[in-house]
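Undergrad: One structure is given below, represented as structure tokens, and several questions about it will come after.
Only the coordinates and a few stated rules stand behind these numbers; no lab work does. Predicted, not measured: the structure shown is a model, and the values here were computed from it. No Cβ is skipped: glycine too gets one built from the backbone with ideal geometry, and neighbour counts run over all protein chains shown.
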Amino acid sequence: MKKLTKTNVFKEYVSKPETPMDKTTRVVRQMVDEETVQRDAKNSRLRNARLEREANTPPETKASAAPKPRRTKAASTR
């Protein structure tokens with residue numbers, strides 16, 4: 001039987017260095033995440049402003065409009 005030592009029981013995990021492609025991917029994902037947060041904040045701000053404006057605006061009353069006459073279909077040339 002093989003003698004158990006610290007070096008052969010627990011293998012050391014060596015992480016490989018970050019490649020340029022990995023670095024680019026990490027940076028791009030970070031940028032996209034930041035843009036998403038900014039977009040969500042802007043959307044919620046605009047949504048709240050719209051809802052507040054709609055709540056403060058009195059509803060418009062529609063005057064009964066006369067119905068438009070219907071157009072007749074063009075004759076078929078079969």
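Undergrad: If each of THR57 and THR19 carries a label point 7 Å out from its Cα toward its Cβ, how far apart are those two points in nm?
TA: The modelled label-to-label distance comes out at 5.4 nm.
Undergrad: Another one. Could you compute how fast the range 11-64 diffuses translationally, taking Rh as the Kirkwood radius over C-alpha pairs and applying Stokes-Einstein at 37 °C with viscosity 0.692 mPa s? Give it in µm² per second.
TA: The calculation lands on 208 µm²/s.
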